[in-house]
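Below is one structure, written out as structure tokens; comments come after it.
The values are calculated or read from the model by the stated rules, or taken from the named source; none is laboratory data. Here the structure is a predicted model, which is why all the values come from computation and not from measurement. Don't worry about glycine lacking a Cβ; one is built from the backbone with ideal geometry, like all the others, and counts go over all protein chains shown.
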Amino acid sequence: MHLAHLGFAGIGMTTLIAVAHAQAPGDPQKGSALAQQFCAECHAVGKRDVGSPNSESPSFTAVASTPSITGMALNVFFQNST
């Protein structure tokens, strides 16, 4: 096998592992703590939150209710957002 093929195989395996990891169920308590720490300043993150602190930021419930939002889509968003 050529060295270039090994490199592409490595990239492919890394991508598959990342996708599988992105879709694995997480720890709800850790997720809630992270949401409170990084997201709650702008977004309503709790189930009982009526509105987001920033009126232009959707609530987590609204995001989760969007048909096109998948675990993979959220993972890509989180990895690329600033």
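Pairing residues of the range 27-47 that are touching a residue at least 24 places away in the same chain (Cβ under 8 Å) with residues that are part of a helix (DSSP H, G or I), at Cβ distances under 9 Å and at least 6 apart in sequence or on separate chains, gives 35/60. Each residue in the range 39-65 was checked for being assigned to a loop (DSSP other than H, G, I, E, B) and either of a type in the set (Asp, Glu) or loosely packed, with under 13 Cβ neighbours inside 10 Å (or both), and 11 of them qualify. When 31, 12 are checked against the criterion of being at pLDDT below 85 and not hydroxyl-bearing (Ser, Thr, Tyr), 12 stands alone in meeting it.
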